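Colleague: So that we are looking at the same thing, I have put the structure below in structure tokens.
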Amino acid sequence: MTMQRTQGQTQPAWRERVTFAYLEEPPFCRREADGQVAGCDVELARHVLAAAGAGPVDFVMAEFADLLPGLVDGRWTMTTGLFITAERARQVAFSRPVWALPDGLLVAAGNPKRLTGYGSIARDAKARLGVIEGQIQHDAARAGGIPPERIVVYATQGEAAEGVGQGEVEAYASVAMAHRGYLAKTGASAFAVVDVAGPARAGGFAFSRANDGLAQAVDAALAGFLGTPAHRALMARHGFGAAEVDRIATAS
């Protein structure tokens, strides 16, 4: 664990300062016009980091593919919520779930291809799907039978949405809530969101293994906050209903 010496005593570096890596992906995280960082993951992180006794927080925007490598090599201390998988958990530490959400497709308004999920794309020999590099929807697409040559990999949410708008792909797969957040932020009327049937998968904050102490402190703070009226109010401000909060509050 990285330590710093303060007034003759050694303490974890995260008590001095935390670097939080995030994506431009509303409603989870976004940078406002005035430069401030907002979103449900950001607000929740600020709350639990303060409760855990962490130092001031610096927010760094990153691309999805860099989030885990940046934790491992020490570029940042903590990331926005990521889906918790066995493969990722071998590289980094996760908090308890902070949301549990199903997938969705961003399609052209009116859903001209009548797409309903990965299977419907696989069955249409001309349909192409956009995904973000490294996200679990890429695996879901392949498991759903979509051949690799019909999967287009993008770096960011904005690029993938533009791919749908330009007709490069017929759909872009991510979390349905992220698609709705994108439409709410941009006001785009050329798109629609299709909810994909399937389980809601859990995501949590991620930490370097060198910062297990921070992970444990944040987890303890989350245990006392998730499901409370204040937490429900926070999530409601970003479009999460009672049922979506209940998915993780009950487990916590």
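The values are calculated or read from the model by the stated rules, or taken from the named source; none is laboratory data. What you see is a predicted model; the values in this text were computed from it and never measured. In this analysis, Cβ positions are derived from the backbone assuming ideal geometry, glycine residues included, and neighbour counts consider all displayed protein chains. Accessible surface areas use protein heavy atoms only, side chains included; no ligands, DNA or RNA. Shrake-Rupley method; radii C 1.70, N 1.55, O 1.52, S 1.80 Å.
Colleague: Could you sort 222-235, 40-53 so that the peptide with the highest average Cβ count within 10 Å comes first and the rest follow in order?
Modeller: Values: 222-235: 15.8, 40-53: 20.0.
Highest mean packing first, the order is 40-53, 222-235.
Colleague: With Cβ to Cβ distances under 15 Å as the rule, what net charge do the other residues near Cys40 carry (K, R +1; D, E -1)? All intermediate terms of the calculation are to be shown ahead of the outcome.
Modeller: Numbers: positive: Arg30, Arg31, Arg46, Arg180, Lys185, Arg232, Arg237, Arg247; negative: Glu24, Glu25, Glu32, Asp41, Glu43, Glu244.
So the environment of Cys40 carries a net charge of +2.
Colleague: Another question about this same structure. Quantify how much of the Cα-Cα distance distribution of the chain extends past 27 Å, in percent.
Modeller: On the way: 11851 of 31626 pairs.
Of the Cα pairs, 37 percent sit more than 27 Å apart.
Colleague: Further, regarding this structure: What is the log10 of I(q)/I(0) for the stretch 34-75, computed with the Debye formula using one identical point scatterer on each Cα and no solvent, at q = 0.21, 0.26 Å⁻¹?
Modeller: For the stretch 34-75 at q = 0.21, 0.26 Å⁻¹, log10 I(q)/I(0) is -0.87, -1.08.
Colleague: I would also like to ask the following. Antiparallel as a % of all DSSP beta bridges within the chain, to the nearest 5?
Modeller: Working: 26 of 39 bridges.
The antiparallel proportion sits near 65 percent.
Colleague: Right, another one. On alpha carbon coordinates alone, what is the Rg over Rh value for the stretch 25-148, Rh being the Kirkwood radius? Before the final figure, lay out each step's value.
Modeller: Details: Rg = 17.4 Å, Rh = 17.0 Å.
Here Rg/Rh amounts to 1.02.
Colleague: Going by a ≥ b ≥ c, the root eigenvalues of the Cα gyration tensor, does the stretch 1-93 fall in the rounded group (a/c under 1.5), the prolate group (a/b larger than b/c) or the oblate group? Can you show the working numbers first?
Modeller: Details: a/c = 1.98, a/b = 1.27, b/c = 1.56.
Verdict is oblate for the stretch 1-93.
Colleague: Please compute the modelled spin-label separation between Ala50 and Arg247, points set 7 Å along Cα→Cβ, answer in nm with one decimal.
Modeller: So the two model labels end up 2.8 nm from each other.
Colleague: Along the stretch 93-105, what does the Karplus equation 6.51 cos²θ - 1.76 cosθ + 1.60 (θ = phi - 60°) give for ³J(HN,Hα), rounded to whole Hz, x for Gly and Pro?
Modeller: Going residue by residue, I get 9, 10, 6, 4, x, 10, 6, 9, 9, x, 7, x, 10 Hz, with x marking Gly and Pro.
Colleague: Something else: By per-residue mean of other Cβ atoms within 10 Å, what is the highest-first order of 111-118, 91-98? Provide the component values of the computation, followed by the final result.
Modeller: Working: 111-118: 16.2, 91-98: 21.5.
So the peptides 111-118, 91-98, ranked by packing, come out 91-98, 111-118.
Colleague: Now, a different point. Skip the ligands, DNA and RNA, and give the accessible area per residue of the chain with a 1.4 Å probe, whole Å².
Modeller: Values: 11090 Å² over 252 residues.
Dividing the accessible area of the chain by its residue count gives 44 Å².
Colleague: Something else now. Please name whichever of Thr85, Trp99, Ala109 sits farthest to the positive end of the charge dipole of the stretch 68-123, dipole taken about the Cα centre and charges placed at Cβ: Lys and Arg +1, Asp and Glu -1.
Modeller: Ala109
Colleague: Rounded to the nearest 20 Debye, what is the dipole magnitude of the chain about its Cα centre when Lys and Arg each give +1 and Asp and Glu each give -1 at the C-beta? Write out the running numbers ahead of the final one.
Modeller: Details: 24 positive and 26 negative charges, 83 e Å.
Roughly 400 debye, rounded to the nearest 20.
Colleague: Going highest first, how would you order 103-110, 120-127 by mean Cβ packing within 10 Å?
Modeller: 103-110, 120-127
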